[in-house]
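To start, the structure itself, in structure tokens.
Bear in mind these aren't lab numbers, they're just calculated from the coordinates by the rules spelled out. A quick note: this is a predicted structure, and the numbers were derived from the prediction, not measured. Positions of Cβ are backbone-derived with ideal geometry, glycine not excepted, and every protein chain shown enters the neighbour counts.
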């Protein structure tokens with residue numbers, strides 16, 4: 001898997017540098033927006049939450065297409081004829097993409113916190129942990145989506161189904177508490193909401209709260225659960 005990624009620089013560029021392009025574009029869009037005296041700028045409020053949005057979105061897209069390409073090319077079938085189990089295979093994919101997620105989160109945090117000068121009150125390592133788990137959620141759901149898609153186009157079609165509702169309901173555009181009750185109830189069971197609320201907790205508080213750890217624990221449990229489901233649903237033959 002590492003060798004395949006090394007031979008595909010476009011995928012590495014997509015994972016590593018596209019989030020930086022997006023966050024830079026957001027910064028320059030918001031740089032001149034007026035703010036009340038003493039209030040943080042619009043980017044200072046929204047920029048850190050991108051660490052709960054971009055990793056999940058991009059890792060879902062890259063993982064689902066990459067895994068489906070392995071299956072349609074016959075590589076996956078050949079691997080599954082060896083003693084290698086489905087769980088070991090998916091765990092290896094998760095580790096490789098997780099390492100990319102660490103680099104992606106570090107690069108994204110570097111631009112948000114140092115290049116563009118956003119200040120946070122909480123510890124940086126917790127922010128990086130949330131971003132990493134967010135990326136792993138995207139990886140695990142991407143692996144699951146690849147088990148049900150037959151073509152790369154179908155894999156891409158899963159993205160708006162998975163990312164779209166979360167993007168609108170995670171609290172990025174409006175606080176979850178101010179949404180209608182039905183939408184708020186849906187928002188609170190979405191992983192991007194857990195990640196967004198955890199990021200906001202870290203950026204606004206010097207002490208790590210219990211509710212933040214609840215969000216981190218839910219993200220970690222979801223990653224493991226989705227990997228187990230993906231392993232059990234992965235077909236041994238290409239349809």
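Arrange the following residues from fewest to most other Cβ atoms within 10 Å of their Cβ: 110, 11, 49.
Values: 110 12, 11 17, 49 20.
Exposure proxy ranking, most exposed first: 110, 11, 49.
Neighbour counts of other C-beta atoms within 10 Å: give me 35, 151, 66 arranged from fewest to most.
Working: 35 13, 151 10, 66 22.
Sorted ascending by nearby Cβ count, the order is 151, 35, 66.
Hey, with R₀ at 22 Å, roughly what FRET efficiency would residue 99 and residue 157 work out to, going by the Cβ-Cβ distance, to 0.05?
On the way: r = 28 Å, r/R0 = 1.26.
Given R0 = 22 Å and the Cβ-Cβ separation, E is 0.20.
What does the extension gain come out to for residue 21 and residue 209, with contour length at 0.36 nm per residue minus their alpha carbon separation? Write out the running numbers ahead of the final one.
Details: separation 188, 0.36 × 188 = 67.68 nm, distance 3.17 nm.
Contour length minus the Cα-Cα distance gives 64.5 nm.
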